[in-house]
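Have a look at the structure below, then the notes.
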Amino acid sequence: MRIVEMIVTPIAVGDPPLRNAAGLHAPFALRTIVELISDDGISGLSEIPGSEATTQALRDSAEVVIGRDPYALTGLEQALRQRFGADAQDRRGLQPWDQRRLVHMFSALEVACLDLIGKTTGRPVVDLLGGRARDRVDFSAYLFFKHEGAGGPLGFGTDPAATGWTAARQAEALDPAGIVAQAQVMCATFGFRSIKLKGGALDPEIEVESILALRQAFGDRMPLRLDPNAVWSVDTAIRWGKKLEGVLEYYEDPTRGQQDMSRVRQAIDIPLATNMCTTSFADLPGSVRFGSEDIILSDHHYWGGLRASIELGRFCRSFGLGLSMHSNSHVGISLAAMTHLAAAVPNLTYAVDTHYPWQLDEVIKGGALQFKDGALTVPDGPGLGVELDHEALQRLHQNYLDCGLSDRNDEIEMQKVEPGWTFQSTRW
Ligand code: GKR
Ligand code: MG
């Protein structure tokens, strides 16, 4: 089997005005969809965060990809590294999301190759990763402080006729009562059995009060997580962390960098988790040396694909670390890949993050994948088990062309709400 064609399509999907440490989500989240077509006419799919540089680099990688055997993934990674060079360590950036190029490119190509292989052999991707440790994957409710608005063409506008989650999805939530209301509808709609709150957005006191209000509303059997995305100082992280001992399942990136994370970890009695200070294989020796976290959040878009994420799982097992999974705004192709991966890793025992309920647009046939009791059954069709809806792809590509966004920039969006607002790598 040979790859004969690669189609790279940037899309923009409606995203509500969600707050985070870097500002505010724009009305559209950007993703890039990759299709690899084999010489027998089978197509393999993948999805990665959208960025102009990565999309262009993926298009340029055609010279390395076309004519290649999709099973030859090690050679593909070597060829990409040679052609594009390794990412400098600081390319990740200080934002909550990762801006490295090579890991994203290889992830996009590897997942599409595995989908192609699965579709050719008639086996689900989970089987190509060693088979299932579980049939169903638990996901976590992912709460955000937010401004009123639905995102997409409605922007800050709302549909007054909306009910249920569609109404809660567009409601303002800028205080503990708003967060509890958001959580109640999200958990009732999707059945989630653990909750993560995106922090680093408002004053720490409001964020901690929101966690305590969730505890009050849901009781102590609902695991709770808080993620300030590293914009709290060590002192702030310790001071507020003390109030959350015995309350949080884990405290995600309360502060920045492995050494400071380790100082917080020594001072408080809550497991620390990260998708910001230990984000690559090069960071793992530092993680062990400093003892910066208890739990690493995997993400196949950032760690260089599904097979690399399996390696990360083995590392965590060897060093006694927990393993969870990070997400960013995404649609169903990424969700399917995350589900296959989570099903294949025995020690991925935490409910996986997902932004999926926040996005109403979809590129896969049949519409959104459905959570039941907060979990997804691993798709058992060949490959990822999802198919591209080409009409939807074209519509969402047109959104991309029309919306005028080409890279994620939450600071610019925030300035529309609070003129002069700027990102600070340590805010509180
Ligand atoms: O979607 O605003 C967001 C999140 O802040 C995202 O960009 C982060 O990467 O979910 C993420 C996290 O856990 O840090
Ligand atoms: Mg995080």
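Of the residues making up the stretch 341-351, none is in a loop (DSSP other than H, G, I, E, B) and closer than 18 Å to Pro17 by Cβ. Taking the criterion of being outside any helix (DSSP H, G or I) and charged (D, E, K, R), the residues of the stretch 152-209 that qualify are Asp159, Glu172, Asp175, Arg193, Lys196, Lys198, Asp203.
So is Lys198 among the charged types (D, E, K, R), at pLDDT 95 or above and buried (at least 18 other Cβ atoms within 10 Å of the Cβ) or not? When the stated conditions are applied, Lys198 passes them. When the stretch 410-421 is limited to residues that are open to solvent by less than 70 Å² (accessible area, probe 1.4 Å) and assigned to a loop (DSSP other than H, G, I, E, B), the one that is farthest from Leu30 (Cα to Cα) turns out to be Gly420. Residues in the stretch 369-428 that are of a type in the set (Phe, Trp, Tyr) and under 27 Å from Gly191 (Cβ atoms): Phe371 alone. Of the residues making up the stretch 264-308, those that are more than 16 Å from ligand 2 (Cβ to nearest atom) and among the aliphatic types (A, V, I, L, M) are Ala267, Ile268, Ala282, Leu284, Val288, Leu306, Ala308. Among the candidates Asp203, Asp220, Asp227, the residue that is of a type outside the set (A, V, I, L, M) and either within 16 Å of ligand 1 (Cβ to nearest atom) or crowded, with 16+ Cβ neighbours inside 10 Å (or both) is uniquely Asp227. Looking across the stretch 99-128, the residues that are of a type in the set (Val, Ile, Thr) and either surrounded by 24 or more Cβ atoms within 10 Å (Cβ to Cβ) or without any contact (Cβ under 8 Å) to a residue 40 or more places away in the chain (or both) come down to Val103, Val111, Val125, Val126. Only residues that are within 16 Å of ligand 1 (Cβ to nearest atom), of a type in the set (D, E, K, R) and within 22 Å of Ser107 (Cβ to Cβ) were counted in the stretch 1-47, giving 3.
Of all residues in the stretch 118-151, those being in contact with a Lys or Arg (Cβ under 8 Å, 6 or more places away or on another chain) and either within 16 Å of ligand 1 (Cβ to nearest atom) or assigned to a helix (DSSP H, G or I) (or both) number 9.
Which members of the stretch 349-385 meet the condition of being open to solvent by 10 Å² or more (accessible area, probe 1.4 Å), aliphatic (A, V, I, L, M) and within 16 Å of ligand 2 (Cβ to nearest atom)? The one that is open to solvent by 10 Å² or more (accessible area, probe 1.4 Å), aliphatic (A, V, I, L, M) and within 16 Å of ligand 2 (Cβ to nearest atom): Ala351. Reported count of residues in the stretch 178-195, each being over 24 Å from Leu154 (Cβ atoms) and either surrounded by fewer than 16 Cβ atoms within 10 Å (Cβ to Cβ) or not assigned by TED's automatic domain parsing to the domain that holds Leu143 (or both), is 1. Do we have any residue at all in the stretch 158-169 that's touching a residue at least 12 places away in the same chain (Cβ under 8 Å), surrounded by 20 or more Cβ atoms within 10 Å (Cβ to Cβ) and within 16 Å of ligand 1 (Cβ to nearest atom)? Scanning the stretch 158-169 turns up at least one residue that is touching a residue at least 12 places away in the same chain (Cβ under 8 Å), surrounded by 20 or more Cβ atoms within 10 Å (Cβ to Cβ) and within 16 Å of ligand 1 (Cβ to nearest atom).
Being in the same structural domain as Leu174 (by TED's automatic domain parsing) and either in a loop (DSSP other than H, G, I, E, B) or in contact with an Asp or Glu (Cβ under 6 Å, 6 or more places away or on another chain) (or both) is a property that Ala230 has. Considering only residues in the stretch 205-245 that are acidic (Asp, Glu) and more than 15 Å from ligand 2 (Cβ to nearest atom), the one that is farthest from Arg256 (Cα to Cα) turns out to be Asp220. Does any residue of the stretch 394-407 turn out to be modelled with pLDDT under 95 and either in a helix (DSSP H, G or I) or in contact with a Ser or Thr (Cβ under 7 Å, 6 or more places away or on another chain) (or both)? Yes, because at least one residue in the stretch 394-407 is modelled with pLDDT under 95 and either in a helix (DSSP H, G or I) or in contact with a Ser or Thr (Cβ under 7 Å, 6 or more places away or on another chain) (or both).
Scanning the stretch 9-43 for residues that are within 26 Å of Glu63 (Cα to Cα) and in contact (Cβ under 8 Å) with a residue 60 or more places away in the chain yields a total of 14.
The values are calculated or read from the model by the stated rules, or taken from the named source; none is laboratory data. Just so it is clear, the structure is predicted and the values come from calculations on it, not from any experiment. Neighbour counts are summed over all protein chains in view; Cβ atoms, including those assigned to glycine, are modelled from backbone coordinates with ideal geometry. For accessibility, only protein heavy atoms count, side chains too; no ligands or nucleic acids. Shrake-Rupley method; radii C 1.70, N 1.55, O 1.52, S 1.80 Å.
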